[in-house]
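Trainee: Take a look at this one; I'll ask things after.
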Amino acid sequence: MPQTDKQICIPPELPDLLKQFTKAAIRTQPQDLIQWAADYFEAMSRGDIPPMRDRSDPVASCNFAELTPELLKILHSRVAGRLIIHVNELAQMWKVLSLPPELLNSVINVGRFTEEIEWLKFLALACSSLGVTISKTLKIACEVLSSDHDSGPARIPFSTFQFLYTYIAEVDGEISASHVSRMLAYMEQEVIGPDGLIKVDDFTQNPKVRLE
């Protein structure tokens, strides 16, 4: 009789391979993700360096605007507090700001978003295309999401920071869930005040907070 309960064995190197691929895709932001993925794994199979863009390398933008924290803040204001946004509406907002469509497609592909996009997750990945490190990415996200404007340092609810940090660390793949939990527990107990808000300096200037 055929076996129906055969256990599926996951190759031990697969998780790390996929993590490195995901990080490379976020850095490179390829216009054609499928073709780039084929080139990436073909280079790996030959023992060559995969095709990746360094954070410091400029992105060819032609007549498109370069993504900036200021433009992300405009996008966030137009989302107007919604948790979910339809991909077509987001694409139209993106187009109005003259942002490169290949970057939009890259973020959508890396996040595996479909028609209904979780805005905070999309924003986190968009910020990661600007930030060299997780701390820098979270700093940008905090500045984009802060509603304090000129009245003081950028700050957001700790619950929002917790969501963003957990998601970005998961996508990054090199930070253990236990480390993320320890850092969040420490910040909640020792850093966050009674207002429940976290400031950029709370996680960039505190030597006991190591997000990476």
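The values are calculated or read from the model by the stated rules, or taken from the named source; none is laboratory data. Please read these numbers as outputs of a predicted model, since none were measured by experiment. Cβ: placed from backbone, ideal geometry, glycine included. Neighbour counts: every protein chain shown. These accessible areas exclude ligands, DNA and RNA; they are computed on the full protein's heavy atoms, side chains included. Shrake-Rupley method; radii C 1.70, N 1.55, O 1.52, S 1.80 Å.
Trainee: Over the chain, what percent of the accessible surface lies on carbon and sulfur atoms, probe 1.4 Å? It would help to have the intermediate numbers written out before the result.
Mentor: On the way: 6750 of 12610 Å².
Answer for the chain is 54 percent, counting heavy atoms of protein chains only.
Trainee: Once you list every other residue whose beta carbon is under 12 Å from the beta carbon of residue 188, what net charge do they have if Lys and Arg are +1 and Asp and Glu are -1? Mind dumping the intermediate values first?
Mentor: Details: positive: 182; negative: 190, 202.
My count for the surroundings of residue 188 gives -1.
Trainee: So, one more: Would you mind computing, in nm to one decimal, how far apart the modelled labels at residue 22 and residue 208 are, each placed 7 Å from Cα along Cα→Cβ?
Mentor: 3.0 nm
Trainee: Using only the alpha carbons of the chain, determine the length spanned along each of the three principal axes and report them from longest to shortest in whole angstroms.
Mentor: Extents along the principal axes: 65, 45, 37 Å.
Trainee: Cut-off under 24 Å on the C-alpha distance; same-chain residues fewer than 8 positions from residue 136 excluded. Which lysines are left, in chain and number order?
Mentor: Qualifying lysines at Cα under 24 Å: 19, 23, 73, 121, 199, 208.
Trainee: Then there is this: Within a Cβ distance under 13 Å of residue 104, other residues only, what is the Lys/Arg minus Asp/Glu net charge? Walk me through the numbers on the way to the answer.
Mentor: On the way: positive: 95; negative: 89, 102.
Neighbourhood net charge equals -1.
Trainee: Quickly rank 36-42, 76-82, 123-129, 20-26 as a protection proxy: mean count of other C-beta atoms within 10 Å, highest first. Mind showing how you got there, number by number?
Mentor: Details: 36-42: 15.1, 76-82: 12.3, 123-129: 23.1, 20-26: 17.1.
So the order, starting with the most tightly packed, is 123-129, 20-26, 36-42, 76-82.
Trainee: Along the Cα-to-C-beta direction of residue 37, a point sits 7 Å from the Cα; which residues of segment 77-105 have their amide N less than 17 Å from that point?
Mentor: The answer is 103-105, whose backbone nitrogens lie closer than 17 Å to the label point.
Trainee: Points 7 angstrom from Cα along the Cβ direction at residue 78 and residue 177: gap in nanometres?
Mentor: That separation, rounded to one decimal, is 3.7 nm.
Trainee: Kindly rank 133-140, 68-75, 9-16 from highest to lowest mean number of other beta carbons found within 10 Å of each residue. Mind showing how you got there, number by number?
Mentor: On the way: 133-140: 19.9, 68-75: 16.4, 9-16: 8.4.
Answer by packing, highest mean first, reads 133-140, 68-75, 9-16.
Trainee: Something else: Roughly what percent of Cα-Cα pairs across segment 125-175 reach past 18 Å? Intermediate results must be reported in sequence, preceding the final value.
Mentor: Numbers: 353 of 1275 pairs.
Beyond 18 Å sits 28 percent of the P(r) for segment 125-175.
Trainee: Excluding ligands, DNA and RNA, what is the solvent-accessible area per residue of the chain at a probe of 1.4 Å, expressed in Å²?
Mentor: 59 Å²
Trainee: Nearest 500 deg cm²/dmol is fine: what mean residue ellipticity at 222 nm does the chain get from its DSSP H runs of n ≥ 4 alone, each adding -39,500 (n - 2.57), divided by its residue count?
Mentor: On the way: 10 runs with 113 residues, N = 212.
So the calculated ellipticity at 222 nm is -16500 deg cm²/dmol.
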